1. Please go through region 109-127 and pick out each residue that is modelled with pLDDT of 90 or more and out of contact with any helix residue (DSSP H, G or I) (no Cβ under 8 Å at 6 or more places or on another chain).
2. Within region 169-192, which residues are hydrophobic (A, V, I, L, M, F, W, C) and touching a residue at least 24 places away in the same chain (Cβ under 8 Å)?
3. Please name all residue pairs, on different chains or six or more residues apart, with Cβ atoms under 7 Å, provided the first residue is in region 79-100 and is at positive phi and the second residue is modelled with pLDDT of 95 or more and not aliphatic (A, V, I, L, M).
4. Within region 22-41, track down each residue that is part of a helix (DSSP H, G or I), of a type in the set (Lys, Arg) and either in contact with a Gly (Cβ under 8 Å, 6 or more places away or on another chain) or within 16 Å of Asp160 (Cα to Cα) (or both).
5. So in region 68-92, with the set limited to residues that are polar (S, T, N, Q) and assigned to a loop (DSSP other than H, G, I, E, B), which one is farthest from Ala197 (Cα to Cα)?
6. Give the residues of region 1-21 that are part of a helix (DSSP H, G or I) and surrounded by 19 or more Cβ atoms within 10 Å (Cβ to Cβ), sorted by residue number.
7. Arg42 versus (1) away from the ligand (no atom under 11 Å from the Cβ); (2) more than 22 Å from Leu185 (Cβ to Cβ); (3) buried (at least 19 other Cβ atoms within 10 Å of the Cβ): which is the lone unmet condition?
8. Which one of the conditions (1) small (Gly, Ala, Ser); (2) surrounded by 13 or more Cβ atoms within 10 Å (Cβ to Cβ); (3) under 19 Å from the mean Cα position of the chain (by Cα) does Gly154 fail to meet, given that it meets all the rest?
Amino acid sequence: MILTLFGPPGSGKGTQAGTLCRRFHLKHLATGDLLRAEIRARTPLGLEVQAIMARGDLVSDAMVLALVEKRLVNGTTGGTLLDGFPRNLQQLDDFDRSLATRGISMTLAISLRIDDALLIGRLTGRRVCTDCNRSFNVQTHPPEVSGICDDCGGILVQRDDDKEGVIAHRLSEYHAQTRPILGALAERGILVEIDAARPIDEVRNAMFRAVDERRARIGRERA
Ligand code: AMP
């Protein structure tokens, strides 16, 4: 199964992706996390993308496709959950062609829908663990000890691109570049849109239902 998760920054993609992966035995491929790992490790790629990401701009299509292709898995059980990719129509096109060379196609796309006004507060309050990547929110979900991760004791920091000036730019990138993909996927009949302003467990249950229904439909089509 190749599942893609869409949603503007702050819509809860990271949290929900973890739950989906555990439930359906999927490998989580988050291009933003992969790029941040390259920056932390000071690789040539990391040094190249650091300034681009700090501005909230998108890095080159070829670079992210290469990161994804190296890590994609699709077995008879399990598969891959993509989070943050594809991010524009060119990446969708490249990805379709790459999957076709493996004889597969995207199974399901889930889009988390939420108003921009709700996202600004979520993003400016977000703090991320430098060790295990877990997210907290200083207003709505603070850690027990300020600045320290509850899980691993790592240091919590604010991402450069979660600073107020950059957030508006990231949201406009999402609307301009990523939303057009959703129209294309709706036409293929593989898009499910979910209201992400609802409580986390309701969003999670709606996502589980979407995956179960898609798998049942594939089963019926094969029978
Ligand atoms: P995210 O963690 O998904 O919010 O991504 C953080 C940043 O990583 C984005 O603002 C981009 O600079 C970069 N990035 C992540 N995924 C992609 C992608 N598919 N294409 C281009 N840039 C990306």
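The values are calculated or read from the model by the stated rules, or taken from the named source; none is laboratory data. All of these numbers come straight from a predicted model, not from anything done at the bench. As a convention, Cβ positions derive from the backbone with ideal geometry for all residues, glycine included, and neighbour counts pool all protein chains shown.
1. Hits for region 109-127 are Arg113, Ile114, Asp115, Gly125, Arg127.
2. Within region 169-192, Leu171, Ile181, Leu182, Ala184, Leu185, Ile190, Leu191, Val192 meet the criteria.
3. Every condition considered, the pairs that remain are Gly84/Thr31.
4. Arg36, Arg40
5. So, considering only residues that are polar (S, T, N, Q) and assigned to a loop (DSSP other than H, G, I, E, B), the one farthest from Ala197 (Cα to Cα) is Thr76.
6. Answer for region 1-21, where residues must be part of a helix (DSSP H, G or I) and surrounded by 19 or more Cβ atoms within 10 Å (Cβ to Cβ): Lys13, Gly14, Gln16, Ala17, Leu20, Cys21.
7. Here Arg42 clears every test but (3).
8. (3)
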